[in-house]
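Laboratory data are not the source of any read-out in this text; all were calculated from the coordinates shown. Worth saying up front: this structure is predicted, and the values here are computed from it rather than measured. Quick reminder, even Gly has a Cβ in these numbers, built from the backbone with ideal geometry, and neighbours come from all protein chains shown.
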Amino acid sequence: MNDSIQIREEMFEDNQPLRKGVKLERIAIATNILVVAQSDSSTKHLLLHNLDPEKLNQWYPFFISHNAPHAFASGRYADLLAEFNKAVDSNGFTEESRFCSGKKLIEQKLEVDDIGLCKQKILTDEYWIKFSVAQGIWTMYLFEYYKIDINSDLLVKILADPCFVLLPLQGSAAKLWVESGKYSGINIVDNIAALLKQDSIRDVLLA
């Protein structure tokens, strides 16, 4: 069984039915901060983190998550979206609070006072449905993306931890992980891998 479904635009537009057997019981918003580091050689990399090597063992960008239980009544995607947005509002998960939480997380991890992250999303929001094996529930997710550019000198300390890596965005090394969805033998989390395989998205990160 596929435990991950990306909800594409046509699925919303046509109000297509949710797949049988999927019972949504939670909402979640993942605010992803894509940290792009540039070295003196002008090569650019994306900072990734292996959040839980023992259980998950996947590469993730920095992200902050807001979630809450919600038993969905709808069974079609456009209706699910309307219900999702109402649940987000009722739980107070505003865009401003999500953004500030993500910015604070990055500043704490990098031990800087202000990373100067502008409040501008660089990509279109994505909606996914995922199944948590650990919790045994289906969740509807909103993934949103921000980008910051920093000098790689700021990452010397954090990169001493093997759970952090710099993913090359250019050259032959980038071609390898684009094809495999893996870096150093470890999977890149599916929504990020799918995103980064698009040339247009990598162009945005390299800009």
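Checking [x] -0.32; [y] -0.46; [z] -0.37 against log10 I(q)/I(0) by the Debye sum over Cα atoms at q = 0.09 Å⁻¹ calculated from these atoms, the matching label is [z].
Our summary gives the range 1-121 a relative contact order of 28 percent, counting only alpha carbon pairs under 8 angstrom and 6 or more residues apart.
Charge tally around ALA73: other residues with Cβ under 12 Å, Lys/Arg +1 each, Asp/Glu -1 each, net 0.
Basic side chains Lys and Arg get +1 at the Cβ, acidic Asp and Glu get -1 at the Cβ, and with that the dipole of the range 1-56 about its Cα centre reaches some 180 debye. Charging the Cβ of each Asp and Glu at -1 and of each Lys and Arg at +1, and nothing else, the dipole of the chain about its Cα centre rounds to 420 debye. Report, in degrees rounded to the nearest 10, the 0 to 90 angle that the Cα long axis of helix 77-90 makes with the longest principal axis of the chain. Rounded to the nearest ten degrees, it is 70.
Cα axis of helix 171-180 to longest principal axis of the chain: angle in degrees, 0 to 90, nearest 10? Helix 171-180 sits at roughly 30 degrees to that axis. A cut-off of 5 Å between modelled amide H atoms, ignoring neighbours fewer than 5 places along the same chain, links ILE7 with TYR127, TRP128, ILE129. As a length-normalised measure over Cα pairs under 8 Å and 6 or more apart, the relative contact order of the chain settles at 31 percent.
Applying the criteria of a DSSP loop state and at most 13 other Cβ atoms within 10 Å to the GluC sites (Glu not before Pro) of the range 111-172 yields GLU111. Here's the picture: charge each Lys and Arg Cβ at +1 and each Asp and Glu Cβ at -1 in the chain, and of ILE7, SER152, ALA82 the one pushed furthest to the positive end of that dipole is ILE7. Simple rule: put +1 on each Lys or Arg Cβ and -1 on each Asp or Glu Cβ in the range 15-112, find the dipole, and look at TRP59, LEU46, SER101; the Cα lying farthest toward the positive end is TRP59. Residues LYS86, LYS103, LYS130, arranged from fewest to most other Cβ atoms within 10 angstrom of their Cβ, appear as LYS86, LYS130, LYS103. Could you tell me what percent of the DSSP beta bridges with both partners in the chain are antiparallel, to the nearest 5? Just about 70 percent of them are antiparallel.
Modelled label positions at LEU154 and VAL133, each set 7 Å beyond Cα in the direction of Cβ, lie 3.6 nm from each other.
Once the Cβ-Cβ distance between ASP125 and ASN187 is put in as r, and R0 is 25 Å, what FRET efficiency do you end up with, to the nearest 0.05? Calculated transfer efficiency: 0.60.
Of ARG19, ARG76, ARG98, the residue with the greatest mean-square motion in the GNM of the chain, using alpha carbon springs below 10 Å, is ARG19. Under 10 Å, Cα contacts only: if you run a Gaussian network model on the chain, which one of PHE62, PHE72, PHE143 comes out with the highest mean-square fluctuation? Of the options given, PHE72 has the highest mean-square fluctuation.
What FRET efficiency comes out for the pair VAL204/ARG19, r = Cβ-Cβ distance, R0 = 41 Å, nearest 0.05? Working from the Cβ atoms, E equals 0.85. Seen from ASP199, the other residues with C-beta closer than 15 Å to its C-beta sum to a net charge of +2, counting Lys and Arg as +1 and Asp and Glu as -1. Summing +1 for each Lys or Arg and -1 for each Asp or Glu, what net charge is found among the other residues whose Cβ lies under 12 Å from the Cβ of ASP3? Taking every other residue near ASP3 into account, the sum is +1.
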